[in-house]
1. Consider A:Ile178 against the criteria (1) assigned to a helix (DSSP H, G or I); (2) surrounded by fewer than 19 Cβ atoms within 10 Å (Cβ to Cβ): it satisfies all of them except one. Which criterion is unmet?
2. If A:Ala261 meets every condition in (1) under 27 Å from A:Phe200 (Cα atoms); (2) surrounded by fewer than 21 Cβ atoms within 10 Å (Cβ to Cβ) apart from one, which number is that one?
3. Restricting attention to region B:211-242, which residues are touching a residue at least 24 places away in the same chain (Cβ under 8 Å) and among the β-branched types (Val, Ile, Thr)?
4. What's the number of the only condition in (1) more than 14 Å from chain A (Cβ to nearest Cβ); (2) among the aliphatic types (A, V, I, L, M); (3) assigned to a loop (DSSP other than H, G, I, E, B); (4) buried (at least 18 other Cβ atoms within 10 Å of the Cβ) that B:Ile454 fails to meet?
5. For region A:314-333, which positions are among the β-branched types (Val, Ile, Thr) and either within 14 Å of another protein chain (Cβ to nearest Cβ) or free of Cβ contacts under 8 Å to residues at least 40 places away in the same chain (or both)?
6. Which ones in region B:245-266 are assigned to a loop (DSSP other than H, G, I, E, B) and either more than 12 Å from the chain's Cα centre (by Cα) or among the basic types (Lys, Arg) (or both)?
7. Give me the residue from region B:89-107 that is at pLDDT 85 or above and touching a Leu at 6+ places or on another chain (Cβ under 6 Å) and, out of that set, surrounded by the most Cβ atoms within 10 Å (Cβ to Cβ).
8. What residue, among those in region B:85-117 that are in a loop (DSSP other than H, G, I, E, B) and acidic (Asp, Glu), is nearest to B:Ser34 (Cα to Cα)?
Amino acid sequence: MLPLPSENRKVSPFFVFYLIVAAQFGLGVFSFQREIVKFVGNDAWIAVIIAGISIHVVLWMVYQILNKGANDITVIHKDLFGPWLGGLFSLALIVYLLTLAVSVVRSYIELIQVWIFPQLETWYMALILLALVYVYIIGGFRIIVGICFLSFIFTTPIFFIMLGFPLRHMQASHLFPIFDHSVAELLTATKTMSYSLTGFETIFFFYTFIKDAPKSQKWGHYGTAFSTISYLVIMIVSLMYFSKNQLLESVWPTLTIWQIADFTFLERFEFLGLSFWLFSVLNSVCLFTWAGTRGLKQLYSLKQKHSLIAILVMTAVAAVFLKTREQIDQLSSVMDALSLYVMYAYIPFIFFYQMIKGKLRRTS
Amino acid sequence: MLKTDSAFHNSELAKLLEACEESADFLSFGLQDSPFFIAYFKTLVKSEIIHHEVLACFQAKKPSTLEEIKAILPIEEVSITDDMTDIQNKLMTGNLIIFKKEGNWNCLVVPVPSVEKRQVATPETEYTVAGPKEAFVESLDTNLNLVRKRLPIPELLVKELMVGKLSKTRIAVVYVKGIADPENVNTVIQRINGIEYDEIADTSFLSQMIADNKNSPFPQLIDTERPDRLAAVLAEGKIGIFSEGSPTAISGPVSLITYFAAFEDYLSIWNVASAFRLLRLFAVLFSILATSSYVAILTYHYEMIPRDVLSLLITSRGTIPFPPFLEAILLELAIELLREAGARLPTKIGQTIGIVGGIVLGTAAVQAGLTSNVLLIVVATGALASFTTPIYQVSSVIRLIRFPFILFAQLLGLVGVAVCFALLISHLLKLTSLGRPFLEPVFPLRVEDFKDSIIRMPFNKQALRPLQIRAQNRQRFQQEALPKKDWDIDD
């Protein structure tokens, strides 16, 4: 168990907002529509709301676990399950986050390959991207918070301005009839939507880096609310702009929306937007990778600067091995399922286990 | 006029006074109610001091001997002497003499010099945007003051020498004892003492006279007008030389690379400074080689040029009636003419000449079909590049050595350029500055000295003085301990 980080390494509680948004509001915004519309059609926006609410509940549990443990998740695991089983749990969580990082890196490279440079070699882009990630992570957690904060400022205004362009072409009638789908269908869609909102589990690792960490909970909820509302806005715009069949056909509907933006001095806005989205990708990859290396340091006293290089190399290799669209999709659906278990099974399990164990201790 | 005793009339003092009286600005008169006489050059003394201090003390105290006057005069460094050469020298450097016409003709020598000098102003040729804005002036004492206040240590020694039969120029050799190599100091002092010349007007005279190779176009001692630069150089263990009446100091030993180091390099952060220093070095190489390569390639090796560029050159050169060599020489001469005319004229007219010559002549020459505009660009860029060197004298050298390169290019093409370059290198290899190799650290190869040559490393890497100077004490400061290796992220 490492000593808690010193005060000068910590960040103010309100930065949790940007960290949560950074983790949740990433590449998902481009492509999440289709999978949800597949199940519930025009009611997709309801699924977004339900998913958002459920994530709030999960986040609340996360904070309860951390506030009780008053340390990061590896220590809490050890307390609850002992070094062996606890270590196994921690390792699983770390692997999950690092796989998320791989998935984000590969998806972004794929986006660039499809939209900007069809000839681009995966390894080439992965090398550049991960070198950039290395530069950030080597600076420590505060630097990562910095990029999360700045990328929020860079990317979100552009994003919402771009959503204003299809206003003229939108059809409110696309949304009706409301509640046209069964509860089972809605829940299936909610399940898919949750994947887009995953990533906030990194808080298990950076909790100790927050000043007055329990007080940061409201910022965490604000962050989740912001992401949920953003997804909701995108979903409603997409539903009103596209017909259902169009949405089912297009892989990246948000980019298609960007395409209709037409300035006198600029056409094909999505080239600019995609390039700028690098920041968004950078901060989620940084966050996941940092959390992974931090966890490894807690578990095995590995120096972060060494494990970081190993993990970045592994990420690059994994990204290169994912060659086709199908493979990338496959990874996505695996992560989709995994995130579901992490959020709706694993976190509540820990929550209740900790609660019961605490009560037992008190009574005995 | 002097009332003369016969005895006094025959004395040496009287002969001296007589000789001096041939000049209109020499004054010599007796005092009222007093046996004393006063003599001085009125153009060399401050008359207020004579009126307020010297004459006033005669009126108030009525002294009767020279010793009494010496005791009551409120002026230091007053002496009594009968050494005629001394008296003559003192008279010529702004002293007045007081004497009696009876007795032993001793003189009281009172220093009342009036020194005309310029105010300390901003440097003109080595101007930097950041950093100190003081420059040396024509007064040796002011210059030494400017250096001393930057190095307020007793180890900063000033050795004063006198050179020039007529000019009697005061030369100051400045160095930091314990750092500067005594061998270098001796070399400098010996060479200055060996100078046989009547009138020394500037340190650049000295620089030429004590140079190791007097026929090389490269100056072997660097001249600067910046006291901060000189102080920095002294702290490195180099030796500075001043002369009375010169607003520049020279210093050595130097290496070729020093000429491309601007003082601004030390004022900006090391990586920025290094980038600009590299740019300057590149500019020099470009300046030397651009025109000659143009001549060589267009005369002999047009196969080298890619087809697209070739067509551009053909359209540009198609109507030019001269071979590239003549064309290049013409343009180079024109640019040199412009520069020379600009340098000789007052600033305002110089600017006009620049515009008329540069723009009007350049355009007209191209339109008239006398030169190609490609060559115009090459030559103008080359001239511009030569001006990036911070030391003015070197920029003229660089422009000058372009001409042999062009000649060789015409004779043997690119092989000729290589031959000329080899000649240049052989000359630089032989060159020394105060006996130290001029091409250091490239040859002899001293990797350590690269820390302040082609690039400038950060200050914390400059703990040792350069090997080339052979400083007695190489340690500039205690180097900080290296950072610990076992740090980690967020520790």
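The values are calculated or read from the model by the stated rules, or taken from the named source; none is laboratory data. All values reported here derive from a predicted model rather than from experimental measurement. Note: ideal-geometry Cβ built from the backbone for every residue, glycine included; neighbour counts use all protein chains shown.
1. With (1) assigned to a helix (DSSP H, G or I); (2) surrounded by fewer than 19 Cβ atoms within 10 Å (Cβ to Cβ) applied to A:Ile178, the lone miss is (1).
2. (1)
3. Selection gives B:Ile222, B:Thr224, B:Ile239, B:Ile241.
4. Unmet condition: (4).
5. Those that are among the β-branched types (Val, Ile, Thr) and either within 14 Å of another protein chain (Cβ to nearest Cβ) or free of Cβ contacts under 8 Å to residues at least 40 places away in the same chain (or both): A:Val317, A:Thr324.
6. Matches in region B:245-266: B:Pro253, B:Val254, B:Ser255, B:Ala261, B:Ala262, B:Phe263.
7. So, considering only residues that are at pLDDT 85 or above and touching a Leu at 6+ places or on another chain (Cβ under 6 Å), the one surrounded by the most Cβ atoms within 10 Å (Cβ to Cβ) is B:Ile98.
8. The selected residue is B:Glu102.
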